[in-house]
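The structure appears right after this line, and notes come after that.
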Amino acid sequence: MKEAFDLEWMGGVAEKHFRKVRPGVDELPWGTLDVSRYPVELVDRARVSWTEAAYNEYCTAVAFSEMLGALLAAKAPIDLIGMASDFMADEILHVELTSRIAMDLGGGAPYQIDFDDLGVRPSPELSPLQRANQLVVHVCCVGEAFSLPMLASAYQSALHPLTKQVLQRIVHDEAPHGRFGFLYLDWASEQLDDAERQRLGEIAVDTIELFAPLWQRLTSRVQDGVTTEGYLLEHVRELGWTESSLYATRARAAIEDEVIAPLAKYGIAVPRERLAKLLA
Amino acid sequence: MRSRRLLLAASALSTLTFCKQEPEKSKPLPGNPKGTFYDAAMASPPDAEVLPLPGNPKGTFYDAGIAPVASDAAAPSKDAATKQGTAPVTGR
(Lines give C-alpha, C1' and ligand atoms only; values in the text may rest on other atoms or scores of the structure.)
Protein backbone atom coordinates (compact mmCIF):
# COMPACT_ATOMS: atom_id res chain seq x y z
CA MET A 1 0.00 0.00 0.00
CA LYS A 2 1.34 3.36 -0.95
CA GLU A 3 1.19 6.24 1.45
CA ALA A 4 2.75 9.65 1.88
CA PHE A 5 6.44 9.70 2.71
CA ASP A 6 5.81 11.11 6.19
CA LEU A 7 8.12 10.10 9.02
CA GLU A 8 7.23 10.15 12.69
CA TRP A 9 9.40 11.27 15.60
CA MET A 10 8.66 9.99 19.09
CA GLY A 11 10.74 12.28 21.29
CA GLY A 12 11.29 11.73 25.03
CA VAL A 13 13.24 8.64 26.03
CA ALA A 14 13.67 7.39 22.46
CA GLU A 15 15.14 10.71 21.33
CA LYS A 16 17.38 10.90 24.39
CA HIS A 17 18.87 7.48 23.71
CA PHE A 18 19.28 8.16 20.02
CA ARG A 19 21.04 11.44 20.79
CA LYS A 20 23.37 9.56 23.12
CA VAL A 21 24.57 7.32 20.28
CA ARG A 22 24.51 10.06 17.64
CA PRO A 23 25.05 13.43 19.36
CA GLY A 24 25.58 16.91 17.98
CA VAL A 25 22.43 17.21 15.87
CA ASP A 26 20.54 19.97 17.65
CA GLU A 27 23.63 22.16 17.56
CA LEU A 28 23.49 22.43 13.76
CA PRO A 29 22.22 25.80 12.45
CA TRP A 30 18.62 24.73 11.86
CA GLY A 31 16.23 27.42 10.70
CA THR A 32 18.88 29.54 9.04
CA LEU A 33 18.02 28.71 5.42
CA ASP A 34 16.15 31.81 4.28
CA VAL A 35 13.90 30.48 1.53
CA SER A 36 12.90 34.02 0.54
CA ARG A 37 16.39 34.38 -0.95
CA TYR A 38 15.62 31.87 -3.68
CA PRO A 39 13.18 31.61 -6.59
CA VAL A 40 10.16 29.62 -5.48
CA GLU A 41 10.69 27.03 -8.25
CA LEU A 42 14.21 26.41 -7.02
CA VAL A 43 12.99 25.93 -3.45
CA ASP A 44 10.50 23.35 -4.75
CA ARG A 45 13.30 21.52 -6.52
CA ALA A 46 15.34 21.58 -3.34
CA ARG A 47 12.42 20.18 -1.36
CA VAL A 48 12.14 17.36 -3.90
CA SER A 49 15.87 16.74 -3.77
CA TRP A 50 16.20 16.66 0.03
CA THR A 51 13.09 14.47 0.29
CA GLU A 52 14.72 12.08 -2.17
CA ALA A 53 17.86 12.17 -0.06
CA ALA A 54 15.82 11.22 3.03
CA TYR A 55 14.17 8.45 1.06
CA ASN A 56 17.49 7.12 -0.20
CA GLU A 57 18.89 7.09 3.33
CA TYR A 58 15.75 5.32 4.54
CA CYS A 59 16.09 2.68 1.83
CA THR A 60 19.75 2.21 2.65
CA ALA A 61 18.77 1.54 6.26
CA VAL A 62 16.38 -1.15 4.99
CA ALA A 63 19.12 -2.60 2.80
CA PHE A 64 21.57 -2.67 5.73
CA SER A 65 19.03 -4.45 7.91
CA GLU A 66 18.70 -7.17 5.27
CA MET A 67 22.45 -7.30 4.83
CA LEU A 68 22.94 -7.80 8.57
CA GLY A 69 20.59 -10.79 8.56
CA ALA A 70 22.49 -12.27 5.62
CA LEU A 71 25.85 -11.73 7.35
CA LEU A 72 24.60 -13.55 10.44
CA ALA A 73 23.27 -16.43 8.33
CA ALA A 74 26.61 -16.62 6.53
CA LYS A 75 28.51 -16.73 9.84
CA ALA A 76 30.61 -13.72 8.97
CA PRO A 77 33.11 -12.65 11.67
CA ILE A 78 31.34 -11.12 14.63
CA ASP A 79 33.45 -7.96 14.73
CA LEU A 80 32.72 -7.40 11.04
CA ILE A 81 28.98 -7.74 11.75
CA GLY A 82 29.40 -5.41 14.72
CA MET A 83 30.97 -2.82 12.41
CA ALA A 84 28.04 -3.04 10.01
CA SER A 85 25.50 -2.89 12.84
CA ASP A 86 26.65 0.64 13.58
CA PHE A 87 25.71 1.71 10.05
CA MET A 88 22.02 1.42 10.83
CA ALA A 89 22.18 4.29 13.30
CA ASP A 90 24.19 6.29 10.74
CA GLU A 91 21.53 5.88 8.10
CA ILE A 92 18.71 6.71 10.47
CA LEU A 93 20.57 9.84 11.55
CA HIS A 94 20.94 10.80 7.88
CA VAL A 95 17.20 10.31 7.40
CA GLU A 96 16.69 12.76 10.24
CA LEU A 97 19.19 15.33 8.93
CA THR A 98 17.93 15.32 5.35
CA SER A 99 14.29 15.36 6.47
CA ARG A 100 14.92 18.38 8.66
CA ILE A 101 16.46 20.27 5.76
CA ALA A 102 13.39 19.46 3.64
CA MET A 103 11.20 20.75 6.46
CA ASP A 104 13.27 23.90 6.81
CA LEU A 105 12.63 24.49 3.10
CA GLY A 106 8.86 24.18 3.50
CA GLY A 107 8.11 20.46 3.84
CA GLY A 108 8.65 17.10 2.24
CA ALA A 109 7.75 16.55 -1.39
CA PRO A 110 4.50 14.63 -1.85
CA TYR A 111 5.79 11.20 -2.76
CA GLN A 112 3.73 8.08 -2.34
CA ILE A 113 5.74 5.17 -0.94
CA ASP A 114 5.13 1.49 -0.29
CA PHE A 115 7.04 1.13 2.96
CA ASP A 116 6.64 -2.63 2.83
CA ASP A 117 8.48 -2.89 -0.44
CA LEU A 118 11.71 -0.98 -0.03
CA GLY A 119 14.25 -3.75 0.24
CA VAL A 120 15.93 -6.22 -1.99
CA ARG A 121 15.66 -9.88 -1.23
CA PRO A 122 18.13 -12.16 -2.97
CA SER A 123 16.75 -15.46 -4.19
CA PRO A 124 16.09 -17.89 -1.32
CA GLU A 125 17.67 -20.56 -3.49
CA LEU A 126 21.06 -18.98 -2.97
CA SER A 127 23.26 -20.13 -0.10
CA PRO A 128 23.61 -17.83 2.95
CA LEU A 129 27.10 -16.86 1.73
CA GLN A 130 25.84 -16.07 -1.76
CA ARG A 131 23.03 -13.92 -0.35
CA ALA A 132 25.48 -12.02 1.82
CA ASN A 133 27.88 -11.62 -1.13
CA GLN A 134 25.12 -10.21 -3.28
CA LEU A 135 23.88 -7.70 -0.72
CA VAL A 136 27.36 -6.55 0.24
CA VAL A 137 28.36 -6.00 -3.39
CA HIS A 138 25.11 -4.15 -4.12
CA VAL A 139 24.93 -2.04 -1.03
CA CYS A 140 28.53 -1.40 -0.04
CA CYS A 141 30.93 -2.18 -2.89
CA VAL A 142 28.82 -0.28 -5.43
CA GLY A 143 26.16 1.84 -3.71
CA GLU A 144 28.09 3.21 -0.77
CA ALA A 145 31.49 3.23 -2.49
CA PHE A 146 30.00 5.32 -5.29
CA SER A 147 28.02 7.55 -2.96
CA LEU A 148 30.92 8.68 -0.82
CA PRO A 149 32.80 10.76 -3.43
CA MET A 150 29.50 12.15 -4.69
CA LEU A 151 28.54 13.24 -1.21
CA ALA A 152 32.00 14.68 -0.74
CA SER A 153 31.50 16.64 -3.94
CA ALA A 154 28.20 18.02 -2.66
CA TYR A 155 29.90 18.90 0.62
CA GLN A 156 32.69 20.75 -1.16
CA SER A 157 30.11 22.58 -3.25
CA ALA A 158 27.74 23.55 -0.43
CA LEU A 159 27.89 27.21 0.52
CA HIS A 160 25.32 27.52 3.28
CA PRO A 161 26.37 26.58 6.84
CA LEU A 162 23.42 24.23 7.32
CA THR A 163 23.74 22.24 4.10
CA LYS A 164 27.53 22.26 4.50
CA GLN A 165 27.47 20.89 8.03
CA VAL A 166 24.82 18.28 7.29
CA LEU A 167 26.75 17.03 4.28
CA GLN A 168 29.98 17.05 6.31
CA ARG A 169 28.36 14.84 8.91
CA ILE A 170 27.00 12.45 6.32
CA VAL A 171 30.33 12.20 4.48
CA HIS A 172 32.11 11.52 7.76
CA ASP A 173 29.71 8.71 8.63
CA GLU A 174 29.60 7.17 5.16
CA ALA A 175 33.32 6.59 4.75
CA PRO A 176 33.37 3.22 6.57
CA HIS A 177 30.30 1.98 4.69
CA GLY A 178 32.08 1.61 1.39
CA ARG A 179 35.20 0.37 3.13
CA PHE A 180 33.14 -2.36 4.77
CA GLY A 181 32.34 -3.99 1.45
CA PHE A 182 35.98 -4.64 0.71
CA LEU A 183 36.71 -5.77 4.28
CA TYR A 184 33.95 -8.31 3.79
CA LEU A 185 35.58 -9.47 0.57
CA ASP A 186 38.88 -9.84 2.46
CA TRP A 187 37.07 -12.45 4.54
CA ALA A 188 34.83 -14.02 1.89
CA SER A 189 37.24 -14.03 -1.04
CA GLU A 190 38.79 -17.42 -0.34
CA GLN A 191 35.32 -18.98 -0.42
CA LEU A 192 34.40 -17.57 -3.83
CA ASP A 193 34.73 -19.77 -6.88
CA ASP A 194 34.95 -18.46 -10.44
CA ALA A 195 31.22 -18.75 -11.05
CA GLU A 196 30.42 -16.72 -7.95
CA ARG A 197 32.96 -14.04 -8.87
CA GLN A 198 31.36 -13.81 -12.30
CA ARG A 199 27.88 -13.56 -10.74
CA LEU A 200 29.05 -10.77 -8.47
CA GLY A 201 30.55 -8.93 -11.45
CA GLU A 202 27.12 -9.06 -13.11
CA ILE A 203 25.45 -7.83 -9.93
CA ALA A 204 27.88 -4.92 -9.80
CA VAL A 205 27.22 -3.88 -13.38
CA ASP A 206 23.45 -4.31 -12.91
CA THR A 207 23.66 -1.86 -10.03
CA ILE A 208 25.80 0.56 -12.03
CA GLU A 209 23.27 0.35 -14.84
CA LEU A 210 20.58 1.53 -12.48
CA PHE A 211 22.71 4.47 -11.41
CA ALA A 212 23.79 5.45 -14.93
CA PRO A 213 20.84 7.75 -15.69
CA LEU A 214 22.08 9.92 -12.87
CA TRP A 215 25.06 11.00 -14.94
CA GLN A 216 23.83 10.24 -18.45
CA ARG A 217 20.74 12.44 -18.48
CA LEU A 218 22.07 15.64 -17.01
CA THR A 219 21.37 18.66 -19.16
CA SER A 220 21.95 21.76 -17.06
CA ARG A 221 25.07 23.83 -17.65
CA VAL A 222 26.52 26.86 -15.95
CA GLN A 223 27.72 29.97 -17.68
CA ASP A 224 28.87 33.10 -15.91
CA GLY A 225 27.54 31.81 -12.62
CA VAL A 226 24.01 31.16 -13.93
CA THR A 227 22.50 27.78 -14.81
CA THR A 228 20.83 27.05 -18.13
CA GLU A 229 17.50 27.44 -16.36
CA GLY A 230 18.35 30.89 -15.06
CA TYR A 231 19.25 30.11 -11.47
CA LEU A 232 22.28 31.53 -9.74
CA LEU A 233 24.97 28.92 -9.17
CA GLU A 234 25.45 30.50 -5.76
CA HIS A 235 21.86 29.59 -4.87
CA VAL A 236 22.26 26.07 -6.24
CA ARG A 237 25.31 25.59 -4.06
CA GLU A 238 23.72 27.11 -0.97
CA LEU A 239 20.89 24.61 -1.27
CA GLY A 240 23.44 21.80 -1.13
CA TRP A 241 23.70 20.61 -4.69
CA THR A 242 26.64 19.76 -6.87
CA GLU A 243 26.33 21.52 -10.23
CA SER A 244 25.31 18.90 -12.80
CA SER A 245 28.23 18.89 -15.27
CA LEU A 246 30.65 18.53 -12.37
CA TYR A 247 28.51 15.72 -10.97
CA ALA A 248 28.60 13.87 -14.28
CA THR A 249 32.40 14.03 -14.48
CA ARG A 250 32.90 12.95 -10.90
CA ALA A 251 30.32 10.17 -11.10
CA ARG A 252 32.09 8.46 -13.98
CA ALA A 253 35.43 8.74 -12.20
CA ALA A 254 33.92 7.38 -8.99
CA ILE A 255 32.61 4.29 -10.75
CA GLU A 256 36.03 3.56 -12.26
CA ASP A 257 38.17 4.40 -9.23
CA GLU A 258 36.02 3.49 -6.26
CA VAL A 259 34.04 0.55 -7.62
CA ILE A 260 35.57 -1.18 -10.65
CA ALA A 261 39.23 -1.05 -9.61
CA PRO A 262 38.73 -2.27 -6.01
CA LEU A 263 36.43 -5.10 -7.12
CA ALA A 264 39.00 -6.22 -9.67
CA LYS A 265 41.49 -6.77 -6.85
CA TYR A 266 39.20 -9.54 -5.61
CA GLY A 267 38.88 -11.12 -9.04
CA ILE A 268 35.41 -9.63 -9.54
CA ALA A 269 35.52 -8.28 -13.06
CA VAL A 270 32.73 -6.07 -14.27
CA PRO A 271 31.90 -6.89 -17.91
CA ARG A 272 33.79 -4.21 -19.85
CA GLU A 273 31.46 -4.09 -22.83
CA ARG A 274 28.43 -3.26 -20.71
CA LEU A 275 30.42 -0.88 -18.58
CA ALA A 276 31.72 1.08 -21.56
CA LYS A 277 28.16 1.92 -22.60
CA LEU A 278 27.25 3.00 -19.11
CA LEU A 279 30.23 5.30 -18.76
CA ALA A 280 29.98 6.78 -22.27
CA MET B 1 -3.40 9.88 23.84
CA ARG B 2 0.06 10.92 22.74
CA SER B 3 0.03 13.48 19.93
CA ARG B 4 1.74 12.37 16.73
CA ARG B 5 4.83 14.38 15.94
CA LEU B 6 6.25 14.31 12.43
CA LEU B 7 9.90 14.56 11.52
CA LEU B 8 9.04 14.79 7.83
CA ALA B 9 5.62 15.91 6.66
CA ALA B 10 4.80 15.90 2.99
CA SER B 11 3.02 18.93 1.60
CA ALA B 12 2.17 20.20 -1.84
CA LEU B 13 4.86 21.99 -3.74
CA SER B 14 4.40 25.72 -4.18
CA THR B 15 4.55 25.76 -7.95
CA LEU B 16 2.85 23.66 -10.58
CA THR B 17 5.79 23.58 -12.89
CA PHE B 18 6.11 19.86 -13.31
CA CYS B 19 4.08 17.39 -15.27
CA LYS B 20 3.63 13.69 -14.97
CA GLN B 21 4.98 11.44 -17.65
CA GLU B 22 5.05 7.73 -17.92
CA PRO B 23 7.70 6.61 -15.50
CA GLU B 24 10.37 4.18 -16.41
CA LYS B 25 10.42 0.92 -14.64
CA SER B 26 13.50 0.29 -12.65
CA LYS B 27 14.90 -2.79 -11.05
CA PRO B 28 15.09 -3.17 -7.32
CA LEU B 29 18.05 -1.39 -5.95
CA PRO B 30 19.66 -1.46 -2.55
CA GLY B 31 22.57 0.78 -1.69
CA ASN B 32 21.16 3.95 -3.08
CA PRO B 33 23.44 6.50 -4.60
CA LYS B 34 23.61 9.63 -2.53
CA GLY B 35 25.00 13.08 -3.01
CA THR B 36 22.59 15.71 -4.14
CA PHE B 37 23.11 17.36 -7.45
CA TYR B 38 21.25 19.97 -9.36
CA ASP B 39 19.95 19.45 -12.85
CA ALA B 40 17.24 20.85 -15.05
CA ALA B 41 15.07 17.74 -15.07
CA MET B 42 15.36 16.87 -11.41
CA ALA B 43 11.78 17.54 -10.50
CA SER B 44 8.71 15.54 -9.83
CA PRO B 45 4.99 15.92 -10.14
CA PRO B 46 3.46 17.62 -7.14
CA ASP B 47 0.81 14.93 -6.77
CA ALA B 48 3.00 12.00 -7.66
CA GLU B 49 1.46 8.63 -7.16
CA VAL B 50 4.66 7.36 -8.60
CA LEU B 51 8.02 7.37 -6.97
CA PRO B 52 10.57 8.99 -9.20
CA LEU B 53 13.57 8.71 -6.95
CA PRO B 54 16.94 7.91 -8.39
CA GLY B 55 18.38 4.62 -7.37
CA ASN B 56 15.76 3.34 -5.01
CA PRO B 57 14.84 -0.25 -4.33
CA LYS B 58 12.08 -2.43 -5.77
CA GLY B 59 9.44 -1.52 -8.23
CA THR B 60 10.35 2.07 -8.52
CA PHE B 61 11.66 4.19 -11.31
CA TYR B 62 13.77 7.14 -12.09
CA ASP B 63 12.15 10.36 -13.24
CA ALA B 64 14.88 12.30 -14.92
CA GLY B 65 12.67 12.39 -17.99
CA ILE B 66 9.88 14.19 -16.20
CA ALA B 67 10.12 17.60 -17.67
CA PRO B 68 8.67 20.94 -16.78
CA VAL B 69 5.21 21.54 -18.27
CA ALA B 70 6.06 24.90 -19.60
CA SER B 71 9.73 25.24 -20.12
CA ASP B 72 9.56 29.01 -19.99
CA ALA B 73 7.89 28.99 -16.62
CA ALA B 74 9.82 26.18 -15.02
CA ALA B 75 13.15 26.80 -16.58
CA PRO B 76 13.38 30.42 -17.60
CA SER B 77 16.25 31.60 -19.66
CA LYS B 78 18.68 33.95 -18.07
CA ASP B 79 17.09 36.84 -19.94
CA ALA B 80 13.57 35.85 -19.05
CA ALA B 81 14.52 35.45 -15.46
CA THR B 82 16.25 38.75 -15.15
CA LYS B 83 13.96 40.86 -17.30
CA GLN B 84 10.58 39.40 -16.45
CA GLY B 85 11.31 38.27 -12.97
CA THR B 86 9.73 34.87 -13.48
CA ALA B 87 12.63 33.24 -11.68
CA PRO B 88 14.65 35.99 -10.13
CA VAL B 89 18.30 35.12 -10.41
CA THR B 90 19.22 37.74 -7.89
CA GLY B 91 16.92 36.43 -5.19
CA ARG B 92 14.26 38.39 -3.44
**Request:** Could you check the simple spin-label distance between B:ARG5 and A:ALA73, using points 7 Å along Cα→Cβ, in nm with one decimal?
**Result:** 3.8 nm
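If you put +1 on each Lys and Arg Cβ and -1 on each Asp and Glu Cβ, how big is the dipole of segment A:191-270 around its Cα centre, in Debye rounded to 20? Intermediate results must be reported in sequence, preceding the final value.
Numbers: 8 positive and 14 negative charges, 21 e Å.
The dipole magnitude comes to about 100 debye.
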**Asked** Hey, what did chain A get for relative contact order, percent, Cα under 8 Å, at least 6 apart?
**Response** 22 percent
**Message:** Please report the carbon-and-sulfur percent of the accessible area for chain A; probe 1.4 Å, protein heavy atoms only, DNA, RNA and ligands left out.
**Reply:** 55 percent
**Request:** Taking H placed 1.01 Å from N in the peptide plane, check which residues at least 5 places from B:LEU7 or on another chain put their amide H under 5 Å from its amide H.
**Result:** A:LEU7, A:GLU8, A:TRP9
**Message:** Skipping prolines and chain starts, which residues have an amide H placed within reach, meaning under 5 Å, of the one on B:LYS34, given they are 5 or more residues away or on another chain?
**Reply:** A:SER147
**Asked** What residue among A:TRP241, A:SER220, A:ILE203 has its Cα farthest toward the positive end of the dipole of segment A:190-280, where the charges are +1 on Lys, Arg and -1 on Asp, Glu, each on the Cβ?
**Response** A:SER220
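Between the DSSP loop rule and a limit of at most 16 other Cβ atoms within 10 Å, which trypsin sites (Lys or Arg not before Pro) in segment A:27-87 are left?
Listed in order of number, the matching sites are A:LYS75.
Could you sort A:163-169, A:29-35, A:57-63, A:85-91 so that the peptide with the highest average Cβ count within 10 Å comes first and the rest follow in order?
Numbers: A:163-169: 21.6, A:29-35: 14.0, A:57-63: 24.9, A:85-91: 18.1.
Ranked by mean Cβ neighbours within 10 Å, highest first: A:57-63, A:163-169, A:85-91, A:29-35.
From the square roots a ≥ b ≥ c of the eigenvalues of the alpha-carbon gyration tensor of segment A:50-130, which class results: rounded (a/c under 1.5), prolate (a/b over b/c), or oblate?
Taking the square roots of the gyration eigenvalues as a ≥ b ≥ c, segment A:50-130 is oblate.
Just order A:125-137, A:220-232, A:12-24 by mean Cβ neighbour count inside 10 Å, highest at the front, would you? Mind showing how you got there, number by number?
On the way: A:125-137: 20.4, A:220-232: 18.1, A:12-24: 11.2.
Result, highest mean Cβ count within 10 Å first: A:125-137, A:220-232, A:12-24.
Treat every Asp and Glu Cβ in segment A:48-199 as -1 and every Lys and Arg Cβ as +1, leave all other atoms uncharged, and give the resulting dipole magnitude about the Cα centre to the nearest 20 debye.
Working: 9 positive and 21 negative charges, 54 e Å.
Using Cβ point charges on Lys, Arg, Asp and Glu, segment A:48-199 gives about 260 debye.
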**Dipole of chain A [Lys/Arg +1, Asp/Glu -1 at C-beta], most positive-end residue of A:LEU263, A:GLY108, A:MET83** = A:LEU263
**Message:** Contact order normalised by length for segment A:18-136, with contacts defined as Cα pairs under 8 Å and 6 or more residues apart; what percent is it?
**Reply:** 40 percent
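Based on Cβ point charges of +1 for Lys and Arg and -1 for Asp and Glu, what charge dipole magnitude is obtained for chain A about its Cα centre, in debye rounded to the nearest 20?
On the way: 26 positive and 42 negative charges, 84 e Å.
The dipole of chain A has a size of about 400 debye.
Assuming a ≥ b ≥ c are the square roots of the Cα gyration tensor eigenvalues, decide whether segment A:109-183 counts as rounded (a/c under 1.5), prolate (otherwise, with a/b larger than b/c) or oblate. Display every interim value, and only then the final one.
Values: a/c = 3.82, a/b = 1.59, b/c = 2.40.
The shape class here is oblate.
Give the shape of chain A as rounded, prolate or oblate, defined through the alpha-carbon gyration tensor: a ≥ b ≥ c are the square roots of its eigenvalues, a/c under 1.5 means rounded, and otherwise the shape is prolate if a/b is larger than b/c and oblate if not.
On the way: a/c = 2.04, a/b = 1.35, b/c = 1.51.
Judged from the Cα gyration tensor, chain A comes out oblate (a/c at least 1.5, b/c at or above a/b).
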**Asked** Toward the positive end of the charge dipole of segment A:16-79, about the Cα centre and with charges on Cβ (Lys, Arg +1; Asp, Glu -1), which of A:PRO29, A:ASN56, A:ALA74 goes farthest?
**Response** A:ALA74
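DSSP H helices in chain A with Cα extent of 24 Å or more along the helix axis and mean Kyte-Doolittle hydropathy at least -1.0? Each step should come with its number before you reach the end.
Numbers: long enough: A:40-73 (50 Å, 0.44); A:78-104 (40 Å, 0.60); A:161-188 (42 Å, -0.23); A:194-211 (26 Å, -0.22).
Span-like helices here: A:40-73, A:78-104, A:161-188, A:194-211.
The values are calculated or read from the model by the stated rules, or taken from the named source; none is laboratory data. It should be emphasised that the depicted structure is a prediction, and the values quoted were computed from it without experimental measurement. As a convention, Cβ positions derive from the backbone with ideal geometry for all residues, glycine included, and neighbour counts pool all protein chains shown. Just the protein is used for accessible areas: all its heavy atoms, side chains included, with ligands, DNA and RNA removed. Shrake-Rupley method; radii C 1.70, N 1.55, O 1.52, S 1.80 Å.
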